[in-house]
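What follows is a short report on a single structure.
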Amino acid sequence: MTTATDLDRAAAQPAFQQISGRRKAKNRVAGALITGTFVLALAPLVWVLFTVIARGFEHVLTPEWWTRSLAGLTSRQFGGGVYHAIYGTLIQGLICAVIAVPIAILVAVYLVEYGRGSRLARAVTFTVDILSGVPSIVAALFVYALWITTFGLPRSGFAVALALVLLMIPVVVRTTEELLKIVPDELREAAYALGIPKWKTIVKIVIPTALSGIITGITLAIARVMGETAPVLILVGYTSFINFDPFNGSMASLPLLMASERLTINDVGEARVWGAAVTLILIITVFNLLGSLISRMTSLKTK
């Protein structure tokens, strides 16, 4: 016989129990530790950014900083700008991206779509892992030994771009590979069921689905290689004039300008170093913002 007491009693324990005070205390302690470590890790970055901006921001506010080079100025003369170094940085990064991005995307597509589990795919993955850990100076020395010593070609901005390619490819490959992996297999299977060839499925469905993240990864990779110093120190000479030909002659860049002006121990050289550092930070920031904007514009819109 069922009584009123039996009807009032819950059939099972509720799924959500009252959180004990001990668990709340542990949660607060863990949250405080995570917040503290985040602030500890962020403090050096904030300090570096504040120092660079405070010492170099006034130099980038003048129009001539962006429209003139240092041609005709000595190391002790104020004035001039870094127009020649900005051009060199951008053209070297652009050449690097034109070469590295197609290669990296094709490698990632092969690893995910065609070569899963094959010996060649394992060899390619191993090679990419090795490249991702190669220091920039090793890549620069390799290009110097092959491009300049073996082939006898001159030091140039293009040689710098080749060294940057070796640094950029593994970053883009890893990013693209992971993004292609998270594309649902149901999309591929639906396309195959409709009789669409595999290559067209990859081009029309798989890559557009992951395109937003791929663009973000490419932007971050470009921003990374733009600040490399070792390749420009080894593979190209510095000049205070602008050189529009990346295949011949010395070519300035922002990292190379900072390294060269740092050797002049005076207030003028120090001011140019801080100004070039702020300029490089601004350029990388603009690239990241453009990458985020393009990523949002190319992302799939869902309700």
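Listed here are the residues, each with its yes/no results for (1) open to solvent by 10 Å² or more (accessible area, probe 1.4 Å); (2) β-branched (Val, Ile, Thr).
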{"residue": "96", "(1), (2)": "no, no"}
{"residue": "99", "(1), (2)": "yes, yes"}
{"residue": "145", "(1), (2)": "yes, no"}
{"residue": "154", "(1), (2)": "yes, no"}
{"residue": "175", "(1), (2)": "yes, yes"}
Checked segment 60-76 for anything open to solvent by less than 80 Å² (accessible area, probe 1.4 Å) and either over 13 Å from residue 239 (Cα atoms) or acidic (Asp, Glu) (or both); matches are 60, 62, 64, 65
State whether the residues of segment 237-246 include one that is β-branched (Val, Ile, Thr), outside any helix (DSSP H, G or I) and either in contact (Cβ under 8 Å) with a residue 24 or more places away in the chain or open to solvent by 60 Å² or more (accessible area, probe 1.4 Å) (or both). yes
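Yes/no matrix, rows are residues, columns are (1) surrounded by fewer than 16 Cβ atoms within 10 Å (Cβ to Cβ); (2) outside any helix (DSSP H, G or I); (3) out of contact with any strand residue (DSSP E or B) (no Cβ under 7 Å at 6 or more places or on another chain):
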{"site": "231", "(1), (2), (3)": "no, no, yes"}
{"site": "249", "(1), (2), (3)": "no, yes, yes"}
{"site": "259", "(1), (2), (3)": "no, no, yes"}
{"site": "273", "(1), (2), (3)": "no, no, yes"}
{"site": "293", "(1), (2), (3)": "yes, no, yes"}
Restricting to segment 223-247, name every residue that is within 13 Å of residue 92 (Cα to Cα) and over 22 Å from the mean Cα position of the chain (by Cα). 236, 243, 244, 245, 246, 247
Is it true that residue 223 is under 22 Å from residue 97 (Cα atoms), at pLDDT below 90, of a type in the set (A, V, I, L, M, F, W, C) and surrounded by 18 or more Cβ atoms within 10 Å (Cβ to Cβ)? yes
Looking at 182, 103, 86, 137, which one is closer than 28 Å to residue 272 by Cβ, open to solvent by 60 Å² or more (accessible area, probe 1.4 Å) and of a type in the set (Val, Ile, Thr)? 137
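The values are calculated or read from the model by the stated rules, or taken from the named source; none is laboratory data. It should be emphasised that the depicted structure is a prediction, and the values quoted were computed from it without experimental measurement. Glycine also receives a Cβ, built like all others from the backbone with ideal geometry; neighbour counts cover every protein chain displayed. Note: accessible area is taken over every heavy atom of the protein model, side chains too, but ligands, DNA and RNA are not part of it. Shrake-Rupley method; radii C 1.70, N 1.55, O 1.52, S 1.80 Å.
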